[in-house]
1. With only Lys, Arg, Asp and Glu charged, each at its Cβ (+1 for the first two, -1 for the last two), find how big the charge dipole of the chain is about the Cα centre; round to the nearest 20 debye.
2. Tell me, what is the Rg over Rh of segment 80-147, with Rh the Kirkwood radius over Cα pairs?
3. Restricting to Cα pairs below 8 Å that are 6+ residues apart, what does the relative contact order work out to for segment 122-258? Please round to a whole percent.
4. Please report the equivalent ellipsoid semi-axes of the chain, computed as sqrt(5 x eigenvalue) of the Cα gyration tensor, largest first, in whole Å.
5. For Val52, enumerate residues with amide H under 5 Å from its amide H, sequence gap 5+ or separate chain, H modeled in the peptide plane.
6. Under 14 Å from the 7 Å Cα→Cβ point of Met265, by amide nitrogen: which residues of segment 36-57?
7. Helix 175-186 against the longest principal axis of the chain: what's the angle in degrees, Cα atoms only, rounded to the nearest 10?
8. Along the charge dipole of the chain, which of Ala183, Gly197, Phe147 sits closest to the positive end, that is, farthest toward it, with unit charges on the beta carbon of Lys, Arg, Asp and Glu (+1, +1, -1, -1)?
Amino acid sequence: AQRKTTETRKRSENILKTISIVNLKGGVGKTVTAVNLAGILAADYGKRVLLVDSDTQGDASQYIGVVPDACSTADLFDGGSAYYEDVIQHTIYRDLDIIPADMQLASVDLDADIDRKQAVRVYADLRDALVEDDAYDVMIFDCPPSFSLPCISAIAASDMVFVPIKPGAFEMSGMRLLADQIASVRSTGLACRAVYGLLTIWHNADATRQSEEWLREHSPIPLFTQKIRRTDKVPESTVTLSPMREYSPRSSAAVDYRCLAGELMEEG
């Protein structure tokens, strides 16, 4: 990503926390986690947050009430010709911006002529540009349920990867494979320093508690202490296109996401 501004600062002076929300399974709360964590960090902690929608379905964009206009995430992968200011859209929420996505992003993996090594670096280049311009404090990637080039690029640009996990046998069986795939990206030297699991859609039942106990003992990645409880308010909030902090701030999931943000901020 190129920059229009000529003013640059030493990278060491600016800190940009970058987080990818990743799981190869759908329906585990990736988008809900990305949007609500982004909103809380902006509203409650005064962080300048950039949410990057990296899923062709564009659910994060829709959830936050934004649709791509002239540009979208796909333009960042188009030979590096897009300025990041051209693809960022402001939201109605203070200090929260987004790079929206749509089905054009699918062309990244379908294009036989694309330079795959350069594609993997796209989000790292975006991160470096934002750091030089001191544009944001946090960047969060909402990744698709596939190990696509945009997903790999997001992992490669991130300090941390969050893996939302819905307690259950099928979800647990895929953890080792996903951990190995993330590790393969980390081995390139481009990628994240830490990977954490996040229990989502948790409810008080014997099977759920047993799954949690097994995961906390056997998971190939450490788990956040905080877990996100199941509530009907979450799907309702996606229908009304209003994050939990605005739609139902006292609901269990809203409280849990605030606690997660606090745990994240304590991590530094």
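1. Dipole magnitude for the chain comes out near 760 debye.
2. Radius of gyration over Kirkwood radius for segment 80-147 works out to 0.97.
3. Details: 159 pairs, mean separation 27.1, N = 137.
Relative contact order here is 20 percent.
4. Values: eigenvalues 159, 88, 62 Å².
Square roots of five times the eigenvalues give 28, 21, 18 Å.
5. Ile99, Ile140, Phe141, Asp142
6. The answer is 37-49, whose backbone nitrogens lie closer than 14 Å to the label point.
7. 20
8. The residue sitting farthest along the positive end of the dipole is Gly197.
The values are calculated or read from the model by the stated rules, or taken from the named source; none is laboratory data. Note that the coordinates shown come from a computational prediction; the quantities given were computed from them, not determined experimentally. Glycine gets a Cβ as well: all are built from the backbone with ideal geometry, and neighbour counts include every protein chain shown. With ligands, DNA and RNA removed, areas are computed over all heavy atoms of the protein, side chains included. Shrake-Rupley method; radii C 1.70, N 1.55, O 1.52, S 1.80 Å.
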